[in-house]
Amino acid sequence: MQLEVAHDLADRLLSELPDRWAHSQRVLAQAKLLAPDLGARGAPLMVSAVLHDVGYAPSAVDTGQHMIDGARYLARLGWPPLVCSLVAYHSSSEWEAAELGLSRDLAEFERPPSDLLDAITFCDLTSGPDGALVDATGRLDEVLCRYAPGHVVHRAVAAARPTLLAMVERVELGLAPRPGGYPM
Ligand SMILES: [Fe+2]
């Protein structure tokens, strides 16, 4: 099954980055909560979720923009275009690419449907760097603290923040009530 293959691939690629792997497993868990409402598109969301940060793997690093590097790596392995697109565009990718002069590289990939982009961004931003559940506002604040103000990630996330929080809010508003509520 494609999700099992994706899970094993991410596990292997991120074996030297245990926090990234813990984070990625939480992103997958969040995607599993959203998948039932997405019909056939739930599967590519879950596959993209577990693979979304493989661009940090030493064997995938190229430009240093991990969303583009991950998407290119997966495209070379033959993963479906929708999976590659979701990895390429997740979270603050478009802002980081602009900061780095890599917008044309990102444009190698088609921009994914906006509701799926909202979904993977929600999953990423509600998953902490060590795999804990977090709220998106705190998560973005943590990223802004982790990277110095002059760093490209800091600048990109600062610019992207209102849009990213709106994406997360759209997903939250569409969530069906769940016993015990959603942990966010
Ligand atoms: Fe992530």
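All of the numbers you see were taken from the coordinates with simple rules; none came from a lab. Computed from a predicted structure; not experimentally measured. Quick reminder, even Gly has a Cβ in these numbers, built from the backbone with ideal geometry, and neighbours come from all protein chains shown.
Select, from 51, 34, the only residue that is out of contact with any Asp or Glu (no Cβ under 9 Å at 6 or more places or on another chain), closer than 17 Å to residue 83 by Cα and within 11 Å of the ligand (Cβ to nearest atom).
That would be 51, the only listed residue that is out of contact with any Asp or Glu (no Cβ under 9 Å at 6 or more places or on another chain), closer than 17 Å to residue 83 by Cα and within 11 Å of the ligand (Cβ to nearest atom).
Are any residues in region 123-155 under 17 Å from residue 90 (Cβ atoms) and away from the ligand (no atom under 14 Å from the Cβ), and if so, which ones?
152 - this is the single residue of region 123-155 that is under 17 Å from residue 90 (Cβ atoms) and away from the ligand (no atom under 14 Å from the Cβ).
Using beta carbons and a limit of 9 Å, which pairs, at least six apart or on different chains, have the first residue in region 40-54 and farther than 12 Å from residue 70 by Cβ and of a type in the set (D, E, K, R) and the second one in a helix (DSSP H, G or I) and within 16 Å of the ligand (Cβ to nearest atom)?
Matching pairs, first to second residue: 41/116; 41/119.
Against the condition part of a loop (DSSP other than H, G, I, E, B), within 23 Å of residue 26 (Cβ to Cβ) and of a type in the set (Asp, Glu), how does residue 130 come out, does it pass? Step through it out loud before you land on a result.
Values: part of a loop (DSSP other than H, G, I, E, B): yes; within 23 Å of residue 26 (Cβ to Cβ): yes; of a type in the set (Asp, Glu): yes.
In short, yes.
So which residues in region 1-20 are within 16 Å of the ligand (Cβ to nearest atom), within 20 Å of residue 84 (Cβ to Cβ) and free of Cβ contacts under 8 Å to residues at least 12 places away in the same chain, if there are any at all?
11
I need a count of the residues in region 90-114 that are away from the ligand (no atom under 16 Å from the Cβ) and out of contact with any Leu (no Cβ under 8 Å at 6 or more places or on another chain).
Within region 90-114, residues that are away from the ligand (no atom under 16 Å from the Cβ) and out of contact with any Leu (no Cβ under 8 Å at 6 or more places or on another chain) number 15.
Scanning region 13-35 for residues that are small (Gly, Ala, Ser) and buried (at least 21 other Cβ atoms within 10 Å of the Cβ), which turns out farthest from residue 123 (Cα to Cα)?
Residues of region 13-35 small (Gly, Ala, Ser): 15, 22, 24, 29, 31, 35.
Still in the running and buried (at least 21 other Cβ atoms within 10 Å of the Cβ): 24, 31.
Working: 24: 9, 31: 6 Å.
Out of the qualifying residues, it is 24.
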